[in-house]
Each structure stands twice: as structure tokens, then as C-alpha cells.
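Before we start, here is the structure in question, set down as C-alpha cells.
The values are calculated or read from the model by the stated rules, or taken from the named source; none is laboratory data. Everything quoted here is computed from the prediction, not taken from an experiment. Because the Cβ atoms are built from the backbone with ideal geometry, glycine has one as well, and the counts that use them run over all protein chains shown. Accessible surface areas use protein heavy atoms only, side chains included; no ligands, DNA or RNA. Shrake-Rupley method; radii C 1.70, N 1.55, O 1.52, S 1.80 Å.
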Amino acid sequence: MKFFCVIGDPISHSKSPRIHNNAIKHLGLNGIYSRFHLKDKDKLKESLFKLKLNGANITLPFKEEAVKIADFKDELTLQIGSANTLILKNRKIHAYNTDSPGFLKAIEEFKNIKKALILGAGGTTRAIAYALKQRNIHCTIANRSERNFSHFKDFKCTLYEDLKDFEFDIIINSTSAGLNDDNLPCNVDLLKKIKTKYAFEVIYGKKTPFIKFCEENNIKYKDGLSMLLWQGVFAFELFFELENKQKQIQKAMLEALNLS
Ligand code: NDP
């Protein structure tokens with residue numbers, strides 16, 4: 001039997017146990033997926049071994065720490081600097097980032113994207129920006145503060161008030177604005193100036209002010225549920241070393257999400 005869990009702080013809200021366990025059940029695999037509330041990042045490595053895990057998903061605020069403790073990192077994880085999936089093999093830790101391909105899969109139905117504006121400059125923006133770069137999509141990153149711009153040396157970064165270009169194919173809210181408050185990521189007048197075909201909201205499970213703005217302005221959008229789903233599908237493939245099972249995994253995970 002294989003053991004997995006999601007590790008974060010807070011963790012009680014996580015839908016990962018539900019989606020992974022449903023996929024395990026539907027694919028007839030021998031495994032169990034739980035959750036673990038970790039408070040101290042210095043105990044991440046020790047916890048993985050104490051819990052005798054075969055793998056884990058790592059969520060806020062430990063995604064950077066997950067890279068630090070890993071013995072092996074794939075190229076994408078190294079570029080992004082954060083990992084959400086760890087595999088334990090022969091007492092070695094292997095780190096991956098499935099948020100990045102998860103985001104690309106989530107926006108697959110949006111066609112002909114050449115220019116993107118990402119609002120926010122946190123950890124999720126890193127996963128999204130590198131995903132878009134892989135697809136040769138030009139990215140501008142805008143944020144309310146400059147404090148994390150040093151993480152985006154390959155990208156054009158600007159404060160909201162200094163944004164000069166207003167034409168994009170997609171605008172992505174990758175901030176936490178709207179998660180626990182009623183805020184837009186930036187001033188509504190700035191959002192109104194921007195012309196875009198598509199929008200993406202990383203937050204899921206609630207109608208955020210950014211989503212309301214998209215609806216009021218007839219902008220085609222998707223929310224973060226599809227990204228959550230696909231990062232889960234890619235992590236699951238890694239956990240059980242599966243190939244060509246994406247459709248079944250996605251179906252089972254979607255079923256679990258629709259029930260919750
Ligand atoms: P970080 O804390 O790393 O970054 C948060 C970003 O949001 C920063 O740029 C911060 O600006 C900005 N921000 C926070 N509050 C506000 C506000 N009130 N107004 C404007 N900007 C604000 O968080 P993450 O990048 O890890 O997460 C961002 C969001 O992505 C979260 O809501 C999280 O739930 C969601 N997420 C969704 C996933 C999915 O699968 N759908 C996966 C991972 C995350 P500053 O730097 O100035 O503080």
C-alpha cells in the first residue's frame with residue numbers, strides 16, 4: 001500500500017485528499033491519501049520520513065522549502081523555485097511542480113494567446129509565468145509592490161501605476177485579492193483600460209470581485225478549479241508512475257470536486 005498526503009498550513013480546507021482518494025478508488029490502486037497540518041517549515045523533511053510517505057503534495061507556505069529539501073529537482077522546478085509535488089524513493093526526495101502544467105491545461109481552450117498580463121508576483125505567478133514562457137507567450141507581471149520582482153529576471157515587471165501597455169490576449173489574477181476579502185487585485189479604472197479576450201482567476205470556490213468584473217464586462221473567464229484539478233492529475237501520475245491514464249484520473253477527480 002502506498003501512502004500520500006497534502007502538507008500545508010492551514011490544511012483543513014484542502015480538497016486534495018478527496019480528489020486523490022476518488023482517483024485511487026476508480027483506478028483500483030492500492031493507496032491512501034491524507035492531510036497533515038505542519039506548522040514549522042524546518043520539520044518538513046523530518047515529517048515526510050516520519051509519516052513513511054511515498055509522496056506528498058506541498059501547499060502554502062512550504063512550496064519553496066520543498067525545493068530546498070529535495071535531492072533531485074526537475075528543470076521546471078529549478079526555474080520556478082517552488083515545488084508542489086514530492087516523491088520519496090530510496091530515502092531520496094524528488095521535487096516537481098505540477099501547478100505550472102496544470103495552469104496550461106486549464107487554459108487549453110483559450111486559443112491564440114500571444115500576450116499575457118499577470119496580476120501578482122507571488123509563488124503562483126512564478127508557476128504561471130514559466131508555464132507561459134515555455135509556450136513562448138509574452139508575459140508582463142504587474143503588482144502592487146516591487147518586493148518580489150527580483151524573482152522574475154526573465155520577465156517584464158511593473159507596478160500597477162506604471163503599466164503602459166493595455167492590450168493583452170489574457171489577464172490572470174494570480175493575487176490573493178478576493179480570497180478572504182472583497183478586493184479587486186488593482187484599481188477598477190486600470191482593469192477597465194485593459195483590452196483582453198480572456199481572463200483567468202486562480203482562486204476557486206467563490207465568485208471573487210475579479211470574476212464579477214469579468215462577467216460585467218463580458219470577458220470569457222475560467223476560475224482556479226480547473227488548475228487545481230490538473231495539478232492533481234499530473235501529481236497523481238507521478239505518485240503511481242502512470243501513463244496514458246489522464247482521462248480516467250481527471251474524471252474521478254472531477255467527480256470528487258463536484259460532490260464537494
Ligand atoms: P503569495 O502570498 O506568494 O502572493 C500573493 C500575491 O498577491 C502577491 O503578489 C501580493 O502582493 C498579492 N496580493 C495579496 N493580497 C492582495 C490584495 N489585497 N490586493 C492586491 N494584491 C494582493 O500567494 P500565492 O501566489 O501562493 O497564491 C496566490 C493565490 O493563488 C491564492 O489565492 C491561492 O489560493 C491561489 N492558488 C490557486 C491554485 C490553484 O490550483 N487554483 C494553486 C496555488 C495557489 P505583494 O507581493 O505586494 O504582497
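Scan the stretch 234-260 residue by residue and report those that are among the polar types (S, T, N, Q) and surrounded by 21 or more Cβ atoms within 10 Å (Cβ to Cβ).
none
Looking at (1) over 20 Å from the mean Cα position of the chain (by Cα); (2) closer than 22 Å to A121 by Cβ; (3) open to solvent by 60 Å² or more (accessible area, probe 1.4 Å), which one does K212 not meet, given that it meets all the others?
Looking at each condition in turn, K212 falls short on (2).
State whether one or more residues within the stretch 225-233 are open to solvent by less than 40 Å² (accessible area, probe 1.4 Å) and among the polar types (S, T, N, Q).
Yes, because at least one residue in the stretch 225-233 is open to solvent by less than 40 Å² (accessible area, probe 1.4 Å) and among the polar types (S, T, N, Q).
Just a yes or no: is a residue in the stretch 43-50 open to solvent by 40 Å² or more (accessible area, probe 1.4 Å) and either at pLDDT below 95 or under 21 Å from Y204 (Cβ atoms) (or both)?
Scanning the stretch 43-50 turns up no residue that is open to solvent by 40 Å² or more (accessible area, probe 1.4 Å) and either at pLDDT below 95 or under 21 Å from Y204 (Cβ atoms) (or both).
In the set I58, I118, I69, I113, which member is over 18 Å from F234 (Cα atoms), within 16 Å of the ligand (Cβ to nearest atom) and among the β-branched types (V, I, T)?
I118
Name the residue, out of E108, E75, that is under 21 Å from Q250 (Cβ atoms), surrounded by fewer than 20 Cβ atoms within 10 Å (Cβ to Cβ), without any contact (Cβ under 8 Å) to a residue 40 or more places away in the chain and among the charged types (D, E, K, R).
Result of the check over E108, E75: E108.
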